[in-house]
């Protein structure tokens, strides 16, 4: 970064230098300073797409999804083939509840680049949220084909298979996710919930313990999920008993 600082001292109108320094600063967690660099780059050149794109990342990290979408809109206005901008705008739209807009963005990203794995993964998560588990499995399977060493894809497909009560296939995916990343706390929590649903309490407790050893702050979310599961099946049992009378 020293070279970039010196370059800007010599010529404070180097747009790419502000963008590059902002990118490094954002990686270091210095978001305010990074944002100032991206803003300066865009003051000098409002059509510099990389600065819009990078600024959008900071806005997403701060949950400013509307601001991020505005930046991605500008990127796409300038470069209609910027695949990652469609994918990331779709992610931001999901966060704001605009599922139709998000789906259109993921489809556009995939049309522009059929091998863009992240768009399949994001679209799969959207299908899952909408209850389309078959669609979710298909997209996560494609993401796995393209990026077979990414544990997140196996976890996501496992969740969809679990939702369909395809337990054996879900177990295989959770296991593979953990083989790729043994410190993936969320997978232990998800697999634990599946064990609990199947009545295998010992396995569930072991997975929850491992999850909390890795991420103690997940305790409340696990407890809430257990309560929801118990309430769902308690309600189902009461309905079934009433129906049989």
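The values are calculated or read from the model by the stated rules, or taken from the named source; none is laboratory data. Because the structure is predicted, anything quoted here is derived from the model rather than measured. Ideal geometry is used to build each Cβ from the backbone, glycine not excepted, and the neighbour counts take in all protein chains shown.
In table form, for the structure just shown:
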{"read-out": "Flag for residue 90 being within 19 Å of residue 54 (Cβ to Cβ) and either assigned by TED's automatic domain parsing to the domain that holds residue 64 or surrounded by fewer than 20 Cβ atoms within 10 Å (Cβ to Cβ) (or both)", "value": "yes"}
{"read-out": "Output for the stretch 186-212, where each listed residue is more than 11 Å from residue 174 (Cβ to Cβ) and within 23 Å of the chain's Cα centre (by Cα)", "value": "208, 210, 211, 212"}
{"read-out": "Elements of type helices (runs of 4 or more DSSP H) contained in the stretch 1-105, each with 1 or more residues being within 23 Å of the chain's Cα centre (by Cα)", "value": "15-27, 31-44, 49-61, 65-78, 83-95"}
